[in-house]
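To keep things clear, I will list the structure first and then write my remarks on it.
The values are calculated or read from the model by the stated rules, or taken from the named source; none is laboratory data. These numbers come from a predicted model, not from an experiment. Neighbour counts run over all protein chains shown; Cβ positions are idealised from the backbone, glycine included. Please note that ligands, DNA and RNA were not included when accessible areas were found on the heavy atoms of the full protein model with its side chains. Shrake-Rupley method; radii C 1.70, N 1.55, O 1.52, S 1.80 Å.
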Amino acid sequence: MSAALPSPDWSWEHASRECPILHVDMDAFYASVMVRDRPDLQQVPVIVGGGHRGVVLSANYLAREHGVRSAMPMTRARRLCPRAVVVQPDYDTFSAVSASVMETFRQVTPVVEVISLDEAFLDVSGSVRRLGSPYSIAEHLRARIHDEQQITCSVGAAATVATAKIASRRAKPDGILVVPPEAVTTFLHPLDVGELWGVGEKTAQMLHRLGLMSVGDVAHTPLPTLQRAVGHALGLQLHHLAWGQDRRTLTPRRGPDEPDKSIGADETFGRDTDDREVILRELLRLSAKVAGRMRAARVAGRTVTVKVRFADFTTITRSKTTAEATDVTQEIYQTAADLFLALGLQRARVRLVGVRVEGLMPRERVQRQLVLGARERGWSEADRAVDQAASRFGAQAVRPASLLGGGRP
DNA sequence: TCTGGGGTCCTAGGACCC
DNA sequence: TCTGGGGTCCTAGGACCC
């Protein structure tokens, strides 16, 4: 399992000294957490996923043996593994387990970049004197997480973020892989191009068409050729990554001074619809959700984007940028509804609609034009009342009048 | 009963300004 | 009358990540 080059006095301990970047990734996280408290599920294939029209969020290794993978349509997953038990995700539990795991990381080093609920980078260069080599720190973390949470994780250790990330994937499940600097190209070059960060299905196909199958092939392709094929930025990135070069450093946390760049929500209908009223009502619900999250984050934004996905899965977006930033539900909805209606759809069957607000800035920085019309102030105050009621009685308690009574199964 | 929902970044064309 | 670049903003689409 190692890509390291043995030398006379070689050891994992020693080899890891130049590998202070750890990438820790929980193994089949959602599935592992769901199975943990259900002894009856321990020896059966388990798929975590939404119901109707959903995708696989996670699958345990017994299900993976049948070819089930994350993000696969549930229909296909069930076909591949009919005897799998399908369970609904429990995000509250996932968040709690994740928070505890991240806390364990922070006891090892303050330099933790959280990527998602089940994944983080750690820079342990400042912890080596206190806790030992990166390799023994990784072992320590794995043992603690297993003891405290009864789930396993895998760790990749390297000198750079990108290589550590690939290493953890190759270490799965329940393993550690150290890739010392002198072994980086030996490790990377035989891998498929799809292993590189930024190479998904489409780019992998494109590279394969050019005869570039392995990371080594990419490494030995002239940069201009690469850039013509996949674009300027990605070409440069792949060129660097293929040689194990990655200047990225860890950013522990996005500060309050650096808010999200956009906030949005979308939803796939239970069944495709061409009913304008149904779609507009959904846009209102999504606008309320987005605006509520914006107010909670104390941001306002200028660009509203509507997304429409049709029955054949083609997807379009329409956006409008206004002079003034807003966090007001009615204003966001009005823009979204205008954009949607301007499409002039007649009988097109719609699968999904979404609303997103971009160009976010801290709310304090928004200078509302002098003429704070009575109407506008009214909406803003209505939103605040909704927020307060929602925080006391739950988000379901308060919603726009047009969402009441219109519900259908 | 094929294909979720939350995001980020890049590209490319056109408008507009200097 | 014809023709420059550079920079920024906006819009639309696409790819990718978890």
Rounded to the nearest 10 Å², the 1.4 Å probe accessible area of A:W12 is 60 Å²
How big, on average over all directions, is the shadow cast by the Cα convex hull of the stretch A:262-403, in nm²? 8.6 nm²
Take the alpha carbon gyration tensor of the stretch A:118-165, find the square roots of its eigenvalues, order them as a ≥ b ≥ c, and report rounded if a/c is under 1.5; if not, report prolate when a/b exceeds b/c, else oblate. oblate
Where a ≥ b ≥ c are the square roots of the eigenvalues of the C-alpha gyration tensor, would you call the stretch A:95-214 rounded, which needs a/c under 1.5, or, failing that, prolate if a/b is larger than b/c, or oblate? prolate
Stretch A:R209-A:T251 to full length: gain in nm at 0.36 nm per residue minus the Cα-Cα span? 11.5 nm
Excluding A:C153 itself, what net charge comes from residues whose Cβ is under 11 Å from its Cβ, given Lys and Arg +1 and Asp and Glu -1? -2
Quick one: angle between helix A:134-149 and the longest Cα principal axis of chain A, in degrees between 0 and 90, rounded to 10, please. 50 degrees
Starting from the Cα gyration tensor of the stretch A:189-242, take the square roots of the eigenvalues, sort them a ≥ b ≥ c, and report rounded, prolate or oblate (rounded when a/c is under 1.5, otherwise prolate if a/b is larger than b/c, else oblate). rounded
Restricting things to alpha carbons, find the Rg to Rh ratio for the stretch A:1-184 using the Kirkwood radius for Rh. 1.02
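Ignoring ligands, DNA and RNA, what percent of the 1.4 Å accessible area of chain A is carbon and sulfur?
Working: 11300 of 21760 Å².
Answer for chain A: carbon and sulfur cover 52 percent of the accessible area.
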So how do A:M72, A:M213 rank on accessible area, 1.4 Å probe, biggest first, that is with the largest at the start? A:M213, A:M72
Please report, largest first and rounded to whole Å, the three semi-axes of the ellipsoid equivalent to chain A, where each semi-axis is the square root of five times an eigenvalue of the C-alpha gyration tensor. 42, 25, 25
Compute the separation of the alpha-carbon centres of the stretch A:241-290 and the stretch A:103-175 and state it in Å as a whole number. 28 Å
Pop a pseudo-label 7 angstrom from the Cα along the beta-carbon direction at both A:A342 and A:V278 and give the gap in nm to one decimal. 2.6 nm
When the Cα centres of the stretch A:310-330 and the stretch A:70-87 are compared, how far apart do they sit, in Å? 33 Å
In order through the stretch A:192-209: 3J(HN,Hα) via Karplus (6.51 cos²θ - 1.76 cosθ + 1.60), integer Hz, x for Gly, Pro: 5, 4, x, 6, 6, 4, x, 9, x, 4, 5, 5, 4, 4, 4, 5, 4, 4
Compute the length gained on full extension between A:R392 and A:S125: take 0.36 nm times their separation in residues and subtract their Cα-Cα distance, giving the result in nm to one decimal. 91.6 nm
So with the 1.4 Å probe, I'd like the accessible area per residue for chain A, rounded to whole Å². 53 Å²
A:F269's amide H: which non-local residues (gap 5+, or another chain) put their own amide H closer than 5 Å, with H modeled 1.01 Å from N in plane and none for Pro or chain starts? A:L352, A:V353
Can you give the net charge of the other residues whose Cβ lies under 13 Å from the Cβ of A:R356, counting K and R as +1 and D and E as -1? +3
Kindly sort A:E358, A:E324, A:E364 by accessible area of their heavy atoms, largest first, with the probe set to 1.4 Å. A:E364, A:E358, A:E324
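Filter the trypsin sites (Lys or Arg not before Pro) in the stretch A:258-347 to those in DSSP coil with at most 15 other Cβ atoms within 10 Å of their Cβ, and list the result. Let's see the in-between values first.
Working: sites: A:K261, A:R271, A:R276, A:R281, A:R285, A:K289, A:R293, A:R295, A:R298, A:R302, A:K307, A:R309, A:R318, A:K320, A:R347; in loops: A:K261, A:R298, A:R347.
Sparse-neighbourhood loop trypsin sites (Lys or Arg not before Pro): A:K261, A:R298, A:R347.
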By how many degrees, 0 to 90 and rounded to 10, does the Cα axis of helix A:161-171 deviate from the longest principal axis of chain A? 70 degrees
Among A:G264, A:Q237, A:A162, whose Cα sits farthest toward the positive end of the charge dipole of chain A (+1 at Cβ of Lys/Arg, -1 at Cβ of Asp/Glu, about the Cα centre)? A:G264
